[in-house]
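> One structure coming up, written as structure tokens, with questions to follow.
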Amino acid sequence: MSDTSTPFALQNLPSPAEYNKRKVALISGITGQDGSYLTELLLSKGYQVHGIIRRSSSFNTGRLHHLYEDQHERPNKFKLHYGDLSDSTNLVYIIAQVQPTEIYNLGAQSHVKVSFEMAEYTGDVDGLGTLRLLDAVRTCGLEKHVRFYQASTSELYGKVVETPQSETTPFYPRSPYGCAKLYAYWIVVNYREAYGMYACNGILFNHESPRRGRTFVTRKISRAAADISLGKQACLYLGNIDAKRDWGHARDYVEGMWRMLQQPTPDDFVLATGETHPVREFVERSFQTLGIELKWSGSGVDEQAVDAKTGKVVVKVDAQYFRPAEVELLLGDPAKAERVLGWKRQVDFPSLVKEMVEADLKASKSMVEDQN
Ligand code: NDP
Ligand code: GDR
């Protein structure tokens, strides 16, 4: 049998039990939507939080701004490190330095449509990046010490095989993003089984918030509705408005991530609301929140909606936003997470839409350019 031990392991490590008396988290993707909420949660629980950020010519830490300032007062509580999921040596170095007790792998090229244009890059970062991080843990000899969370996704289900989708539903990804995340899912399962690592897949359905990236459909809609209501934008152009998603609030979902790493044994869990809504309904509710009723006409790529009061076209379907292959319906079954983790989403769909639209209305009114 070949030797799979780790020749570069850190020396003089305490036993796993002793090591885990500290609470030290390392987050890849800390500058993203989920990274920012997770950082808040872990700091509130007394963790020392380390994050991996990418070097960028433009400012990319806007979502952490309120926490970053605190860093000067709490220098040992929150620290950012330059790094990238495509750089193995860098990952080994960061892990050796930080010696985390929990790693949350949230870093990814996370846009499904972009993954069709950048398929190889998405495979490298979202798929192999996960392997690099797991191997970095092993290289440091920390595979029995660290708990590892992988940001898996409902995009693994892709084409509808059954609903609601649960931990036992077969996967059928429909994009290079979904395929890359499929590799990541299985390499996590494999390292758990092969090396006894505490590694979990959180199979998370769509979760949104006022911090959602601006090119994802919910935030694109909430921003446009706010700007249209203020006369700052004429029309919102969208792709497939009949796609259905199970949308929850990101703050609820990061709580579920943390809970997964506090169990006696590692396992995989779906986090979802158990409800599904078409993109069209998100559009209608967003405009309703601002007192605008929509009247739809046409069909397919010729569909559009007017403001019922003014008769102006405010929403139009645009073929350029359609995907080469679509995930038509996502509806998750969170029963296992509710039973085992005691997790339940707190924010319902109407409240989510309202919070996002009101936040964008406020930002648009005050003309403040946030960095999301
Ligand atoms: P975001 O797109 O908001 O954030 C992605 C993060 O990954 C950013 O911090 C980004 O950095 C970072 N990143 C991108 N490429 C690299 C790289 N090469 N090396 C290191 N970091 C990188 O995603 P979310 O916060 O919404 O999602 C978090 C994770 O959860 C992702 O893995 C996503 O695929 C997954 N997921 C998300 C769901 C959702 O509905 N939000 C549902 C299920 C899974 P930068 O800021 O510099 O771009
Ligand atoms: P998704 O989210 O692909 O589910 O992936 P997105 O918000 O991009 O799309 C949701 C649905 O809306 C349709 N759609 C549009 N989407 C975008 N982005 N822009 C449009 O103009 C538009 N018009 C219609 C899409 O076709 C799709 O059906 C998100 C990401 O966060 C992933 O990282 C994560 O894994 C999954 O959610 C779960």
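> Could you list, in sequence order, the residues of the stretch 37-85 that are of a type outside the set (S, T, N, Q), within 11 Å of ligand 1 (Cβ to nearest atom) and in a loop (DSSP other than H, G, I, E, B)?
Scanning the stretch 37-85 gives Arg54, Arg55, Phe59, Gly83, Asp84, Leu85.
> Quick check on this structure: which one of Thr153, Thr169, Thr130 is of a type in the set (Ser, Thr, Tyr), within 28 Å of Ala17 (Cβ to Cβ) and touching a residue at least 12 places away in the same chain (Cβ under 8 Å)?
It is Thr130.
> Could I ask something else about it? Mind listing whichever residues of the stretch 126-163 are surrounded by fewer than 19 Cβ atoms within 10 Å (Cβ to Cβ) and either of a type in the set (Asp, Glu) or over 24 Å from Met197 (Cβ atoms) (or both)?
Across the stretch 126-163, the qualifying residues are Asp135, Lys159, Val160, Val161, Glu162, Thr163.
> Exactly one of (1) away from ligand 2 (no atom under 12 Å from the Cβ); (2) assigned to a helix (DSSP H, G or I) is unmet by Val161. Its number?
(2)
> Could you please find all residues in the stretch 92-128 being in contact with a strand residue (DSSP E or B) (Cβ under 8 Å, 6 or more places away or on another chain) and of a type outside the set (Val, Ile, Thr)?
Gln97, Gln99, Pro100, Glu102, Tyr104, Asn105, Leu106, Gly107, Ala108
> Going through the stretch 90-138 one residue at a time, which ones are among the basic types (Lys, Arg) and closer than 30 Å to Thr218 by Cα?
Across the stretch 90-138, the qualifying residue is only Lys113.
> Any residue at all in the stretch 182-196 that is within 23 Å of Trp343 (Cβ to Cβ), assigned to a loop (DSSP other than H, G, I, E, B) and over 18 Å from the mean Cα position of the chain (by Cα)?
no
> While we're looking at this one, here's another question. Out of (1) more than 19 Å from Glu275 (Cβ to Cβ); (2) of a type in the set (Gly, Ala, Ser); (3) within 14 Å of ligand 1 (Cβ to nearest atom), the odd one out for Gly256 is which?
Condition not satisfied by Gly256: (1).
> Please specify each residue of the stretch 283-303 satisfying the condition of being crowded, with 17+ Cβ neighbours inside 10 Å and touching a strand residue (DSSP E or B) at 6+ places or on another chain (Cβ under 8 Å).
Val283, Glu284, Phe287, Ile292, Leu294
To keep it simple, each residue is scored yes or no on (1) in contact with a Gly (Cβ under 8 Å, 6 or more places away or on another chain); (2) part of a strand (DSSP E or B); (3) of a type in the set (Lys, Arg); (4) outside the structural domain of Pro164 (by TED's automatic domain parsing).
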site	(1), (2), (3), (4)
Lys295	no, yes, yes, yes
Val301	no, no, no, yes
Val306	no, yes, no, yes
Gln320	yes, no, no, yes
Lys336	no, no, yes, yes
Ser351	no, no, no, yes
Glu355	no, no, no, yes
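The values are calculated or read from the model by the stated rules, or taken from the named source; none is laboratory data. Keep in mind the model is a prediction, meaning the values are calculated, not measured. Glycine gets a Cβ as well: all are built from the backbone with ideal geometry, and neighbour counts include every protein chain shown.
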